[in-house]
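Below is one structure, written out as structure tokens; comments come after it.
What follows is calculated from the coordinates using simple rules that are stated; it is not laboratory data. Remember, it's a predicted structure, so these values are computed and weren't measured experimentally. Quick reminder, even Gly has a Cβ in these numbers, built from the backbone with ideal geometry, and neighbours come from all protein chains shown.
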Amino acid sequence: MIGSESTQPLLEVENLKVTFSTRRGLVEAVRGVSLSLQPGEMLGLVGESGSGKSVTGFAITHLLDRAGHITEGLIRFKGQDITRAGGADLRSLHGAAMAMIFQNPRAALNPIRTVGQQIADAILAHRRLSRAEAQAEALSLLKAVQIRDPERRMGAYPHELSGGMCQRVMIAVAISCNPSLLIADEPTTGLDVTTQKVVMDLLARIAADRGMATILITHDLGLAARYCARVVVMEQGRLVEEAEPLTLFHRPQHPYTRRLVAASPTATSRIEDLVPDGERIPLVAVTELPPPHGTPLLLDVKAVSKRFDDGTVGVADFSMTMRGGESVGLVGESGSGKSTTSRMICRLIDASAGEILFDGQSIGQIPARDFHRSELRRDIQIVFQDPNDSLNPRYTAFDCIAHPLLRLMNMRSGDKLRQRVEECADRVGLPRELLSRFPHQLSGGQKARVGIARAIACKPRLLVLDEPTAALDVSVQAVVLQLLNKLRREDNLAFLFVSHDLNVVRMMCDRTIVLRTGVIVEQGESRALFANPQTDYTRELVDAVPHIAPAPA
Amino acid sequence: MGTIGATLLRAGRRFVSSLPALFGVLVFTFLLMRVLPGDPAVFFASGPNAGKEEIEVIRRQLGLDKPLPNQLAIYLYDVGRGNLGRSMMTGQAVAKDLKERLPASLELTLTALLIALVTAVPLGVLAALRPGSLVDHGVRLFCSLGVCVPTFVSGLLLIYVFYYLLGFAPDPTGRIDIFATLPPSRTGFLIIDFLLAGDLDGWWAAARQLMLPALTMALFVIAPLARITRASMLVSLGSDFVRTARSVGLSWWRIVVTYALRNAILPVITIAGIVFSTMLGANVLVEKVFSWPGVASYALDALLVSDYAPVQGFVLLMATIFVIVNLLVDVLYGIADPRATVA
Amino acid sequence: MSTIETSSTLRHTAFVLRGNPVTAIAAAGALLLALLAISAPWLTPYDPIASEVSAALQPPSAAHWFGTDQLGRDVLSRLIVASRLDLTIAVTAVAVSFALGSVVGALCGYAGGRLDNAVGRFVDVLMAFPLFVLAMAMVAALGNRVENIVIATAIINLPFYIRFARAEVNIRRNLGWVEAARACGESHVAVVLRFLLPNVLPAMAVQMSLNLGWAILNAAGLSFIGLGVKPPTPEWGIMVAEGARFISTGRWWLVAFPGLALMSAVLCFNLLGDGLRDILDPRMRT
């Protein structure tokens, strides 16, 4: 515990254990968590997937689904034991005393009820008001969460609002009866980085203004550090460390925290720093010289645009060049056209206009439909975003890696193929005994490795990486990024790195291109671009990334 | 209000988009006529005994000597004027025959649909509220069995039990005793006409007659309706927005009805359209089992004596009704789901 | 690779069946039904066609377990022989519509565009009819024969396969592994036939099993109203139709036993379908 407040804590959790009954028997998701929260305090609850952080939140608010049960421990709220509360007690707690804000705001709102009605529903659940009074109150709440044009939004349905707006409505619902405890479960995950900042600022201010204690559950250490006075770290159902953000970042005690802090990319971190010394992949000593200017361009994209069948423009007038071995980042928020661009360059979809030259040869003219027969197919490969659906569920890891070798290198099944696949597996650090497994038998990180092994099997010259780590936990991301960096140096690969994560792009890429609604906003050398953005939009993007304050000297 | 306008707009748009299907239906029934054994000219002749010359004249009049596209145009024109040909069996215009018999079929089908909905939705909701309970298992067993029993078997077994064994039901033939005095026809639905005429005895007789066939048909469709209600209610109850509703402490009733059920009913509306289609099909079987004087048994009788104009008219009528029902379902859905009006 | 996959699938199936006795029973029932149909001629205690007027309309007894009909024919023998015809009709019809519908649907779902539109229109027209009425009209038009029952049943099943395969392929066509296959040098057609279709097949198997039951009901319904199969051919629908005349006088066995046969066949296939769905996707339990 920090400090020495004499006031009674708002919430005390003692040795909480939560068990889920699943088809494979009982699974203990939370294994003895103790924490306490003062009134008005904002606490960060940080952990990777499977750490039990969300389950802890749901257990406190008694919103676990049917399969989950609190098996042990004590939850005290305002000095009262609510561990086994039920029925009417629970209903008077919910909303009035504690409320939750959920991860996916659009799904968390009733799709067929107007947002005004939903806020009014929440108000009427605890207060004796007429519908009209409740509606008026709802309107003032919409104003409080700073929704533009609140009178009109009262009658809007969730699908008519953006994700960020839905989350504001969700906040309005949660604070409607002035609860003294708010639990926000990954409130900004899935939102664009600029929206994320606006929503988090709003949430923090409202909580401060109204004196609500808040538990911010998140996987993002930086986010927790930026907004919380105190952060607890969870791993596999246990609480491993608790500290003020600065202490946590600069003097992490527990080995897991140390790993997590290292793996979380910051504005200054380098790829090499992401993994603790012991696990660092030794880099091949290559002196990184910028390629001489006389060498031909590897990729020359000239004024490419993409107009979809329904008339919408995905990408307009996009031009870029790349030299062999260079790494270029493509950054943008959702809808910026970065995925469309990467697929056009990969020749998986056709451009509507423009020209793409690869190694001096025009490849934009070959229809995407026929590109699989091109000699250059093996030279341009791609790594996909979600490792879960980037592997054919009916292929083993071996089959996945062997596929391009069979098709593009004309290899035959046999010892030679096996040898080659095993080499690839070794290079990406995938244990050979996993080669016979199917995707559902592999972890997220292992699947990502298979996807990378498949992409490098034919020794391509250009590798397009479409958010390769977006679906991974930071500690896994750290290892995968290191791996990619190593492969790039070994093979002199060119990377086109598509990502929404500025910190990652800054580490991975020599140059960066910022895209917005299909148009290039800014481009330049990565470090310079992020250190000194030239356009408002880039500056907004850079500012929105939650950073940890630099170490006190 | 804007919503009504949006709904009307949607209905109009859906109608326009169902026109190609309707046209396809017409082409299909036209082709059916061409393929069906028998001479179309005979349909339009005065009767089965029309002379060869008369038929030849009609053949030329109808343009049956012209190429197919022309004939199709003529057919469309005829259908447009409500001319569906003539039945050899009854000697009347098919359109008139169908019009006389349609209320009987609709009365049966709609009563069955009502019974099915009133039974299935509560059953599905009950089962979903207590998954794994005895009620749930019972409903699931009933659903599994319900879809397996063909209507013609369940109908006959119901007759055996309620007519032969218990003597509770009346003689299972027709809508009403042939000697009974019929009420003045206003809606064509006997149970409504009797009520309007204030004849309660007559109403009871008609209702008793209607009970078994309607029940037979309802039994067949309760299962799919209850099943979809249960499934969508389970999804609804497990959804994020119901969790939100719980997290702010809404009352049980509000959570279950306003939040869960109103969302869960959306797929039920969609399925109800499909169920109605199965019921129009099952009508043929049920009307045969209970000698119900509706359009289906009319078409069936005609089919067995190779009188094809009624069959063709019947198929067209069924398809048209189904298109209309789909339109209705769509409008209902649009009202129930604000998201639908956007698309 | 394929052997590993097969053996692990088999083991998985055996494991699931043990925890899922209803599906196991349904599978056994379906198997039994198939055996019954195959060995029907050697199993019947009496000649299913020969009439014996002196023994007409007898209730179930030791000699005739399921009683006799109006011509004195043994109901049990007729039931057993009828299983052949009913199953053949259903299996053939479902196989035809599956083979055609899955390929066409998969191509539409992947390619979209004009082909998809045209097929969509065709399916819309078919679906604009109440399907049983459509089948009735088709049998009437094509002629009153068993083949035409098969054709009609296949055609009315077609929309389901097309739509199902289309939807399943459509949700997968932009997944990473599909694009990866193309980056590995596969053509569009190869992606559909060798990658997408095999992934969709398990879900289609569920649909097939459910449709088998439906096809049996459909064929029996058609012959009940006098289309397709003609007496004295033993067929479940016809047997019910013939028995219907005697129900008002209490001869229940003429309807009940063929009805029971129909019901248990359909139930087997339905439960098997539900069970397959559970095996493939435990989340879809309903």
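Laid out as a table, the results:
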read-out	value
Residue-span extension gain [A:GLU28 to A:SER443] - 0.36 nm each, minus C-alpha spacing	147.5 nm
Whole-percent pair-distance distribution, where bins are 5 Å wide, for the alpha carbons of segment B:184-242	4, 17, 14, 12, 10, 10, 10, 9, 7, 6, 2, 0
Estimated vicinal HN-Hα couplings, Hz - segment A:202-218 in sequence order (Karplus 6.51, -1.76, 1.60; Gly, Pro = x)	4, 4, 5, 5, 4, 4, 5, 4, 9, x, 8, 6, 10, 10, 9, 8, 7
Cα-based reach from A:LYS459 at 16 Å (exclusive), listing aspartates and glutamates while leaving out same-chain residues under 8 positions away	A:GLU326, A:ASP359, A:GLU375, A:ASP379, A:GLU422, A:GLU423, A:ASP426, A:GLU490, A:ASP491
Förster radius 60 Å - calculated FRET efficiency between B:LEU68 and A:ALA303, Cβ distance, rounded to 0.05	0.70
Distance (nanometres) between label positions extended 7 Å along Cα→Cβ at C:ILE38 and A:GLN365	6.1 nm
Surface/4 of the Cα convex hull for segment C:144-253, nm²	9.2 nm²
Amide proton proximity set for A:THR83, modelled H, under 5 Å, gap of 5+	A:ILE75
Value of [θ]222 nm, deg cm²/dmol, for chain B, DSSP H segments ≥ 4, -39500 (n - 2.57) each, nearest 500	-24000 deg cm²/dmol
Debye equation applied to the C-alpha atoms of segment A:359-518, log10 I(q)/I(0) at 0.10, 0.16, 0.17, 0.18 Å⁻¹	-0.37, -0.95, -1.06, -1.18
Label-point separation, A:ARG489 to B:LEU328 (7 Å along Cα→Cβ), nm	7.4 nm
Contact order normalised by residue count of chain B, Cα under 8 Å, 6+ apart, percent	26 percent
Calculated diffusion of segment A:60-102, Stokes-Einstein form, Kirkwood radius summed over Cα pairs, 37 °C and 0.692 mPa s, µm²/s	293 µm²/s
Under Karplus coefficients 6.51, -1.76 and 1.60, residue-wise ³J(HN,Hα) of segment C:158-167 in Hz, glycine/proline x	3, x, 5, 5, 4, 5, 5, 4, 4, 5
Debye log10 I(q)/I(0) at q = 0.10, 0.17, 0.22 Å⁻¹ for segment B:230-343, Cα point scatterers	-0.49, -0.86, -1.13
Kirkwood Rh, Cα atoms: Rg over Rh of segment A:36-80	0.97
Two-site FRET efficiency, A:ALA229 against B:ALA6, from Cβ-Cβ distance with R₀ of 45 Å, rounded to 0.05	0.40
Potential lengthening between B:ARG34 and B:LEU134 on full extension [0.36 nm per residue; Cα-Cα distance subtracted]	30.4 nm
Calculated FRET efficiency for the pair A:ARG420/A:ARG251, C-beta based, R₀ 60 Å, to 0.05	0.80
Lys, Arg +1 and Asp, Glu -1 on Cβ, resulting dipole of chain C about Cα centre, debye, nearest 20	500 debye
Sequence-distant residues sharing a close amide H with A:ASP350 (under 5 Å, placed H)	A:ALA368
Signed unit charges on C-beta, dipole axis of segment B:101-342, positive-most listed residue B:LEU158, B:ILE335, B:SER105	B:ILE335
Whether segment B:101-342 is rounded, prolate or oblate, judged on the alpha carbon gyration tensor where a/c under 1.5 counts as rounded	prolate
Semi-axis lengths (Å, descending) of the ellipsoid that matches the C-alpha gyration tensor of chain C	41, 23, 14
The protein assembly as shown: C-alpha gyration tensor shape, a/c 1.5 cut-off, then a/b vs b/c	prolate
Choice from C:LEU212, C:LEU276, C:LEU43 showing the highest fluctuation, given a GNM over chain C with Cα pairs closer than 10 Å	C:LEU43
Long-range tail of P(r) for segment A:1-92 (Cα pairs > 21 Å, %)	34 percent
Quotient of Cα Rg and 2.2 N^0.38 Å for chain A, N being how many residues it contains	1.06
Hz values of 3J(HN,Hα) by residue in segment C:70-77 - Karplus curve (6.51, -1.76, 1.60), Gly and Pro given as x	5, 9, x, 7, 6, 5, 4, 4
Sum of -39500 (n - 2.57) over DSSP H runs of 4+, divided by residues of chain A (222 nm, nearest 500)	-9500 deg cm²/dmol
A:ARG131 versus A:ASP543: modelled label distance in nm, points set 7 Å from Cα along the beta carbon direction	4.4 nm
Entries in A:LYS302/A:LYS486; A:LYS416/A:LYS486; A:LYS197/A:LYS302 that, when Cα-Cα distance is taken, lie over 27 Å	A:LYS302/A:LYS486; A:LYS197/A:LYS302
